[in-house]
Amino acid sequence: MDDQSIIKAYKRYAGSYDRIFGKVFEHGRRALIEKMDFAPGQRILEVGVGTGLSLPLYPRDVSVVGIDISPHMLWQARNYTNGGSGGSCNLSLMDAQCMSFGDNSFDSVAVMYVVTVVPEPGKMMEEIRRVCKPGGDIFVVNHFSNHHLVPRMVETVMLPFKGLLGFRPRFSLEAFLEQNPLQVVETCPVNLLGYWTLIHARNES
């Protein structure tokens, strides 16, 4: 997978993404934002904001910056800005693996359904730790592979089509946590059958 294949995949998804994935992933989005301990005036970064489905869930007294590499997804997300979201929101076309923000720019970072999409998840997580304030919270929700036979069979069938799909069907939680030095506070299952995992971590950098 590379940036261009991702952009092409999400150009196809953009117009119908909310109808196809809105309800399916809603529980994970809500669970993540409910676990964020907001304080008035905080600056929040959402990595891979997509069509902006999560934006109305944020409280009005925080400032949210949403980034995405797909211009077509961001075009859909415009519906949630200028008063359509919970609070102040700005959207930027940006690669999560090379952000233009300064160090320690955000109080918390939300990463929803993105780690299996970016070409280099480790590079993205390095950037997230850089732009998140020391001691700040990082929340990740994503599909991670498990050892049950049926899901693994489905993942195996989908693997050759990851470029077309725009995400990796197989992705190890253990490897992700091992490769990224995060101080994990909590993990919990979310969405249908608990097949997705919500990670709450604290930034040590």
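Bear in mind these aren't lab numbers, they're just calculated from the coordinates by the rules spelled out. Because the structure is a prediction, the values reported are computed rather than measured. Cβ: placed from backbone, ideal geometry, glycine included. Neighbour counts: every protein chain shown.
For region 1-107, applying the loop criterion from DSSP together with a ceiling of 15 other beta carbons within 10 Å to the trypsin sites (Lys or Arg not before Pro) yields 23, 60.
Ranking of 196, 75 by neighbouring Cβ atoms within 10 Å, starting from the fewest: 75, 196. Taking 7 Å steps out from each Cα toward its Cβ at residue 120 and residue 11 produces label points 2.4 nm apart.
Could you tell me the calculated FRET efficiency between residue 172 and residue 18, based on Cβ-Cβ distance and R0 = 25 angstrom, to the nearest 0.05? So the FRET efficiency works out to roughly 0.30. Residues whose amide H lies under 5 Å from that of residue 196, counting only those 5 or more places away or on a different chain, are 190; hydrogens are built 1.01 Å from N in the peptide plane.
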